[in-house]
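Report on the structure given below.
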Amino acid sequence: MADFGGTDLEAFRAETRAWLAENYPASLNAPMGEDDAPWGGRKFVWKNADAKLWLDRMAAKGWTAPMWPKEYGGGGLSKEENKVLEQELRKIRARPALMSFGLWMLGPVLLEYATEEQKQKFIPSIIKGETRWCQGYSEPGAGSDLAALQTKCEDKGDHFLINGQKVWTSYADQADWIFCLVRTDTSKKHEGISFVLFDMTTPGVEARPIKLISGSSPFCETFFDNVKVPKDQMVGKLNGGWEIAKRLLQYERQNISASGFGAGGGLDLVEVAKKEIGVDDQGRIDDGDLRARIAAHRMDAHAFMLTVRRAEAESKASKGPSAAVSIIKYAAAKMNQERYELMVEAMGLQGLGWEGEGFAKDELAVTRGWLRSKGNSIEGGTSEVNLNVVAKRVLGLLDHQ
Amino acid sequence: MAVLNEEQTMLRDAAREWTQENAPTTALRKLRDGKSKATFDAPTWAEMGQMGWAGVVVPEEHGGSAFGYLSLGLVLEETGRTLAASPLISTALTAASALMLGGSEAQKAEWLPRIAGGEIVATLAVDEGSHHAPEKTALKAEKTGDGWVLNGSKTFVLDGEAADLLIVAARTSGKGTDGITLFLVAGDAPGVTRTHLSLADSRGAAKITFEGVEVGADAVLGEVDKGWAVLEPTLDRARAGLAAEMLGTATQAFEITLEYLKTRTQFGQVIGTFQALQHRAAKMFTDLEMTRSCVEAALEAIDAGQDARATASLAKARANEILHLASIEMVQMHGGIGMTDEHDAGLYMKRARVAEALFGGTTYHRDRYGRILGF
């Protein structure tokens with residue numbers, strides 16, 4: 001990659017801008033609804049053909065994974081170029097071309113730990129959005145204590161045989177492949193775990209959606225009954241999966257965090273409160289107590305946003321994770337839950353509609369979002385586990401166990 | 001920690017080393033027990049002046065180094081760690097800012113070099129009651145001939161007794177933020193009476209009364225009746241800088257407490273292994289990190305010449321909250337020893353509450369933040 005000076009970056013910016021003007025489909029200028037999310041994969045039904053076109057065009061340039069190496073279909077951009085691309089995409093309010101666990105979680109660890117053959121086989125289809133991946137981590141007996149997982153993986157000579165159960169597998173019913181933690185040695189805990197990949201259509205795999213309190217079913221129970229997996233689909237060493245698993249969790253938490261669980265989308269809390277409660281002669285929300293709590297929350301959200309920005313700037317400068325990263329997932333969960341509680345409170349009963357007449361679409365989304373947000377402090381590591389991690393790894397306090 | 005340049009890294013490291021060595025908490029105890037009523041130790045301040053700390057934000061043509069507010073924040077964070085009492089906040093931060101923002105060329109040339117050199121103490125006299133309320137400025141200034149005459153009082157003025165220069169917010173007309181005018185008044189001007197107010201933080205402040213104090217037309221800083229245009233950004237610089245000092249104080253309180261959790265043994269194990277304490281420590285760390293982001297963002301916004309009103313209020317409110325919490329937890333997690341005067345926990349708690357109230361408490365800044373954002 002050429003060493004881009006300022007002039008070259010500006011040239012790149014001009015090219016990017018021109019390309020986007022030419023290639024971003026006009027029909028995508030409308031705001032993206034929740035059911036427009038471009039997940040890709042074999043089973044995916046594209047509601048809007050232009051969204052697929054946008055994915056194909058971006059994927060052809062490798063810009064769904066702008067900084068991944070070109071040899072696997074990535075964009076091969078430098079950090080500086082990627083920043084320019086992000087800025088230009090933001091400028092036209094472009095929808096994401098692809099949302100994908102493959103991009104956010106699996107791809108980065110494959111680049112780090114997989115063999116050349118595995119990279120060639122799996123990475124290009126992630127970039128093109130052809131394969132949708134799900135994450136086989138939690139089990140009924142292994143939640144916060146993830147390393148207690150028991151899904152058995154036996155070496156049968158020419159293949160592995162997998163038996164067991166996963167739970168809270170996001171979108172397992174819609175995924176094509178799974179990256180899965182399995183037990184390959186029962187005599188050890190962390191050192192007996194391996195990291196395998198397999199097709200969800202393999203005989204013996206079954207995914208059953210779990211209905212949540214919000215009424216939606218983003219998670220599944222996933223069962224494995226004598227599932228045969230080719231031996232070249234293990235990533236890293238036999239019994240060396242825990243390191244990869246933890247690495248992937250870092251990417252997951254980083255990703256959850258940067259988006260703040262999507263807080264800020266949908267209705268604006270302040271506008272809702274002004275409308276539902278009214279304002280005084282100075283334009284202040286006419287409920288001093290609630291107004292103060294909304295202000296405190298908005299300040300938390302502002303502080304959170306500044307912290308995400310600082311963590312990014314610091315890790316770019318030092319080329320290592322900043323201490324601030326460790327607290328971001330915990331803070332994001334707290335903030336999003338607080339936002340929804342305040343939203344429901346500000347809306348009164350109008351914010352608790354379940355379905356049907358009398359409620360606007362975005363009002364009903366508040367009820368569902370409020371319930372869904374309760375999972376934020378559980379998924380991707382509970383808040384309590386996050387605090388344990390900070391206490392132990394950042395503050396150097398000894399394990400309480 | 002913000003991404004620092006080489007000069008800033010050197011400044012921070014030098015400040016850390018110097019304050020730990022020359023202005024530790026024992027220096028504050030000495031000041032307290034000396035009964036001199038001084039709000040700082042003069043030789044310590046003189047040394048700070050020699051090191052250039054008083055001129056960090058002052059432009060080069062007026063004898064400063066023009067390193068900016070983020071840089072001054074680095075120094076304040078270090079003095080905050082050891083509770084070093086000095087006129088950095090009153091003089092190098094607040095008064096220097098007011099002069100830079102509102103001063104005529106002549107005023108800047110007269111005062112800024114002396115501030116930058118640490119030769120004088122200057123301070124902003126704004127509040128008149130127990131709560132920060134610059135909008136309620138009532139001290140009266142009336143036109144007489146060519147000049148003005150000031151009548152009224154100010155209270156809780158930082159380093160007010162030692163100040164050579166007072167920057168006084170006065171009411172010249174109107175109400176609220178309209179009709180305020182800033183005046184430069186000599187600390188020993190006839191009609192100025194200063195009384196020491198001894199506060200729990202051992203630094204104290206001054207009550208100052210103005211009885212028929214006469215100043216010339218050239219004493220006006222900025223424009224008549226439009227002092228708010230200078231006062232508000234000056235206060236935001238004071239708030240952001242004080243927040244940096246408080247971040248340092250909170251960080252030190254936290255680190256001392258964390259060290260204690262790692263060494264104190266009960267029930268046959270160090271108390272830091274107890275999850276109830278671990279989670280409280282981890283939450284404090286989270287708040288410290290979030291506060292750091294806010295403080296640095298406010299200082300950076302000021303350096304970049306951006307509207308820093310919302311971030312300054314955010315930084316001060318956040319610093320108030322984390323220092324409040326860290327000072328309470330410092331006493332609680334130390335147990336009985338934390339209640340003794342021999343331990344430093346009490347010093348941190350006392351300084352915390354005074355700093356929290358200065359330039360606006362948490363509710364003041366929450367309310368202001370809401371107003372700025374239009375609700």
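The values are calculated or read from the model by the stated rules, or taken from the named source; none is laboratory data. Small disclaimer: the values here were computed from a predicted structure and weren't measured. Backbone-built Cβ (ideal geometry, glycine too); neighbour counts: all protein chains shown. Heads up: the accessible areas ignore ligands, DNA and RNA and are worked out on the full protein's heavy atoms, side chains in. Shrake-Rupley method; radii C 1.70, N 1.55, O 1.52, S 1.80 Å.
Observations, loosely collected:
- Cα gyration tensor, segment A:133-239 - rounded (a/c under 1.5), prolate or oblate: oblate
- Ellipsoid semi-axes in whole angstrom, largest first, where each is sqrt(5λ) of the Cα gyration tensor of segment A:260-394: 32, 18, 12
- Solvent-accessible area lost in complex, 40 Å² minimum, residues of segment B:257-287 relative to chain alone, 1.4 Å: B:K262, B:T273, B:Q275, B:Q278, B:H279, B:A282, B:K283, B:F285, B:T286
- A:L364, B:L28, ranked by accessible area, largest first (probe 1.4 Å): A:L364, B:L28
- Taking other residues whose beta carbon is less than 12 angstrom from the beta carbon of A:K274, and scoring Lys, Arg as +1 and Asp, Glu as -1, yields -3.
- Rounded if a/c under 1.5, otherwise prolate or oblate - segment B:68-145, Cα gyration tensor axes: oblate
- Rounded accessible area per residue of segment A:133-239, 1.4 Å, Å²: 43 Å²
- Measuring with a 1.4 angstrom probe and ignoring ligands and nucleic acids, A:H297 comes out at about 10 Å² accessible.
- For the pair B and A, the buried accessible area comes to roughly 3300 Å² in total, with a 1.4 Å probe and the value rounded to the nearest 100.
- Local electrostatic count at B:H62 - Lys and Arg +1, Asp and Glu -1, tallied over other residues with Cβ under 15 Å: -3
- The protein assembly as shown, accessible surface, carbon-and-sulfur percent (1.4 angstrom probe): 52 percent
- Extension reserve of the A:D399-A:E357 stretch, reckoned as 0.36 nm per residue once the Cα distance is removed: 9.8 nm
- Taken one residue at a time, the phi angles of segment B:7-22 give Karplus couplings (6.51, -1.76, 1.60, θ = phi - 60°) of 4, 5, 4, 5, 4, 5, 4, 5, 5, 4, 4, 5, 5, 4, 7, 10 Hz. Gly and Pro are set to x.
- Among residues other than B:D146 with Cβ under 12 Å from its Cβ, the summed charge is -1 (Lys and Arg +1, Asp and Glu -1).
- Where B:E6, A:E357 fall by accessible area, highest first, once all protein chains stay in place (1.4 Å): A:E357, B:E6
- Greater than 30 Å apart at Cα, pairs in A:K228/A:K334; A:K121/A:K228; A:K83/A:K361; B:K35/B:K262; A:K156/A:K189; A:K79/A:K228: A:K228/A:K334; A:K83/A:K361; B:K35/B:K262; A:K79/A:K228
- Built amide H within the under 5 Å cut-off of A:G75, gap 5+: A:A65, A:M67, A:W68
- Low-density loop cleavage sites - trypsin sites (Lys or Arg not before Pro) in segment A:194-303, where at most 15 other Cβ are within 10 Å (DSSP): A:K211, A:K237
- For the residues B:R371, A:R183, a 1.4 Å probe over the protein chains yields an accessible-area ranking, largest first, of B:R371, A:R183.
- Across chain A, Cα pairs under 8 Å and at least six residues apart give a relative contact order of 11 percent.
- Shape category assigned to the protein assembly as shown from the gyration tensor of Cα positions, a/c cut at 1.5: prolate
- Annotation: per residue accessible area for chain B equals 38 Å², rounded to a whole number [probe 1.4 Å, protein chains only].
- Stretchable slack from A:Q120 to A:A18, in nm (0.36 nm times residue separation minus alpha-carbon distance): 33.6 nm
- The angle separating the long axis of helix B:345-357 from the principal Cα axis of greatest extent in chain B is about 40 degrees.
- The modelled label-to-label distance between B:E17 and B:A186, using points 7 Å beyond Cα along the C-beta direction, is 4.2 nm.
- Principal-axis tilt of helix B:105-116 within chain B, Cα atoms, nearest 10 degrees: 30 degrees
- Contour excess over end-to-end distance, with Cα ends at A:R93 and A:E341 and 0.36 nm allotted per residue: 86.4 nm
- Legend: residues in segment A:354-401 shielded by at least 50 square angstrom of accessible surface upon adding the remaining protein chains to the isolated chain (1.4 Å probe, heavy atoms) are A:L387, A:L395, A:L397, A:L398, A:H400.
- Solvent-accessible surface (1.4 Å probe) assigned to B:I256 amounts to roughly 50 Å².
- Angle of helix B:309-334 to the longest C-alpha principal axis of chain B, folded into 0 to 90 degrees and rounded to 10: 40°.
- Note on B:K262 and B:T340: their simple-model spin labels are 2.3 nm apart, each label 7 Å out from Cα toward Cβ.
- Helix runs (DSSP H) in chain A reaching 15 Å along axis by Cα, Kyte-Doolittle at least 0.0: A:325-347
- Whole-Hz Karplus values for segment A:173-186 come out as 5, 10, 8, 8, 9, 10, 9, 9, 8, 10, 8, 10, 8, 8 Hz, taken residue by residue from phi with 6.51 cos²θ - 1.76 cosθ + 1.60 and θ = phi - 60°; glycine and proline positions read x.
- Take A:W242: with every protein chain present and a 1.4 Å probe, its accessible area is about 50 Å².
- Table column - 3J(HN,Hα) (Hz), segment A:210-222, Karplus curve with 6.51, -1.76, 1.60, x for Gly and Pro: 10, 7, 9, 4, 7, x, 8, 9, x, 10, 10, 8, 10
- The residues of segment A:9-99 expose, per residue, 55 Å² of accessible area to a 1.4 Å probe.
- log₁₀ of I(q)/I(0) at q = 0.13, 0.19 Å⁻¹ - segment A:9-99, Debye sum with one point per alpha carbon: -0.43, -0.91
- Residues of segment B:339-375 buried by at least 10 Å² on assembly (accessible area, 1.4 Å probe, chain alone as reference): B:R366, B:D367, B:Y369, B:R371, B:L373, B:G374, B:F375
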